[in-house]
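Below: one structure, written as structure tokens.
No value in this document is a laboratory result; all are computed from the given coordinates. Since the structure is predicted, the reported quantities are computational estimates derived from the model, not experimental observations. Here the Cβ positions follow ideal geometry from the backbone for every residue, glycine too, while neighbour counts run over all protein chains shown.
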């Protein structure tokens, strides 16, 4: 045992390895934005290693094992450094490397501290994440096997789990330790990437701030993204009840007013009606001391939609959507796709910045090695900029492939991210191609947009061919060819629109400097846009829409006006940092407005139509605007003269209040976690809580061959009726605390049936797989309960079971004599206390 400090050092060393592997490619990719080469080399190195390793395993050209990973590391890293050795290599400033590494280590150690107080890989979605994380390491050939449905491959966005498996396998650390350190690595790479992007956005201004100021603003951005919470934490403390998260704007203002007046009892102007399994009906509450009894869960549900519920009489009921933010995610410990996408989303944002910053080549007076800041104005020359980005010949195609890998990987990591960052990338290409007064550049834009989009799909074709998306409603809204498929995936949101208070609670800290900075800063323009009367009129469009929206109950319609204003300014701005910043601001507004109109139809549609849509897309905006908020703050003060200085002071004071409010959540969460014991990073599933359980899982990891199927009990929803013989088994098990599905999750080997509810989500579009769930439930129960050796042997052959696991859960639910009979179909290979493992005889 090397202790937590040793584990962190080993993990940091492996992280350094991927930074070295990625640096030569990052040096070329981010040639004109050098701070990004340092900041994003690590996720780039990990992504390239993972992509090549995955592709070889998918094509059957190698097994996903340590040897293949090492070979790919040597090939990619060695090839990159050989290329770099032949170039006129310029080392980056030392301060940028040191600052980035300090940010990386701070975030890494911060999450290590969080997870060290709660390292168990069980609870909420952690069993699923842990199961995939381990199953991929035990699969060998791809697509990886589904640990909870033996004989099937994972039908989920598994590429992020694969990327995290690579450092885990290189480290040799225990699975739970590597799982928690993977969460820390994700946070650290995100923090360093955001720091580098902020630094470059500021450096690419005509009058950039000094390096020390850029560093401070970069750290502020990392804090906003990874540490800050939303305002619901402060509201909970002020109002004395976590249920305040569900209030509408009038109710919230009334509650806050009473709280600020010091009243002990909050009376709502009209009752709050939620679902019975949430808060039920509330008309008021006595204020509690939430400073010392803080509820950290409910701020992740800060947007509630109103629905008309049928009844006599009909009623309005508020239902939550999910509004997670990164600090909540790392506190929770779920290594879910939206979390794993964070550093690779920063990589995509950095790629867009590198695209727009590419200077023109082969023009009189231009130099390909021109500093990006000096070249930003010239980069509007479309045809030559595209030629500089993708030169003719092999070098251009290698660059296109690299862009395709970065963008295409987002679908395999978290499919919800691809539309956002592909749109951002295409917008970046448009900014680079746009030339004021002519449309010559759009042909080049269209050509490259099509090529990169096709490559993003084609490079991950093996994933697409072996994956069936569970997205889509049971029936289309319009039964018309083409439209039927479209309306089965995209729904029109007909519920209550988001209130202005929800926007302030969730995005006020970032949205305020982003919007104010975009308005107050006056960059250089290719045309005199700021002096145009038409432009001045259009700048009032968001205000006009906001007034109209407040009158009709749709205040966020103002975001549509901001999309137009920011997009128009981005096209004609001359400074690269401003162009990309305005593009990010416009994209964030478009996303937030878009989810007010449409949503993605999925299995959660019946609970709250856009619950998952808000969850996934709001998480993206948190990252996009978290990066842009410190930049907007500098924009705001960079143009602060006359009346704008007064506006900057007012906005800054409001921002300071919001920052204090956003600090309440992490402050109280860290305080409460710190009161608990330090456990370490090696947590245990419920199956491993006893000495025998831990030893049995360790035995399986060490001795069971890759591809083995290990039978374990599945949770029954009607256990008593099945035991009495009155009903056939109905299986469940999702979110159980007892440990069902835990042998598969902890070992990585497949079991016949695990969490049925999750399988139903993943297999939503696969009728054949869904039809398997009921018979498998019956088969598992029959093997453990029946004692009929002939029937048991037939089921073992049918599901190709290699090992039968008998532990505490099985002994609690099945007769001892029936369990003992299983010795006749297998040989005992492990026995300790309550756990026995039989290897099936064949």
Exercise. For the range 232-321, what is the convex hull volume of its Cα atoms per residue in Å³?
Worked result: 91 Å³
Seminar exercise, completed: Taking alpha-carbon centroids only, the range 601-667 lies from the range 308-322 a number of Å equal to 30 Å
For this session: Would you indicate which of (i) 88, 72, 59; (ii) 124, 82, 54; (iii) 143, 86, 50 is the value of Cα extents along the principal axes in Å derived from the coordinates of this structure?
Result: (i)
Seminar exercise, completed: Semi-axes a, b, c in Å (a largest) for the range 686-840, each sqrt of 5 times a Cα gyration tensor eigenvalue, come to 22, 18, 16
Seminar exercise, completed: Nearest-0.05 FRET efficiency for residue 289 and residue 673 at R0 = 25 Å, using Cβ-Cβ distance, is 0.85
Exercise. How big is the gap, in Å, between the Cα center of the range 775-798 and the Cα center of the range 253-293?
Worked result: 54 Å
Exercise. In whole percent, what relative contact order does the range 583-721 give with Cα contacts below 8 Å and a gap of six or more residues?
Worked result: 14 percent
Exercise. Can you sort 762, 285, 537, 622 by how many other beta carbons sit within 10 Å, fewest first?
Worked result: 537, 285, 762, 622
For this session: Can you tell me the 0 to 90 degree angle between the C-alpha axis of helix 441-458 and the longest principal axis of the chain, rounded to 10?
Result: 10 degrees
For this session: Note down the relative contact order for the chain as a percent, whole number, built from C-alpha pairs under 8 angstrom at least six residues apart.
Result: 16 percent
Exercise. Tell me, 205, 424, 550, 59 in order of fewest to most beta-carbon neighbours within 10 Å?
Worked result: 59, 550, 205, 424
For this session: Sort the range 270-357 into rounded, prolate or oblate with this rule: let a ≥ b ≥ c be the square roots of the eigenvalues of the Cα gyration tensor; rounded if a/c is under 1.5, and if a/c is not under 1.5, prolate when a/b is larger than b/c, oblate otherwise.
Result: prolate
Exercise. Can you give the relative contact order of the range 686-840 as a percent, counting alpha carbon pairs under 8 Å and 6+ residues apart?
Worked result: 25 percent
Seminar exercise, completed: Taking the alpha-carbon centre of each part, the distance from the range 807-842 to the range 157-232 in Å is 46 Å
Problem set entry | Residue order, fewest to most beta carbons within 10 Å, for 307, 703, 684, 619 | 703, 307, 684, 619
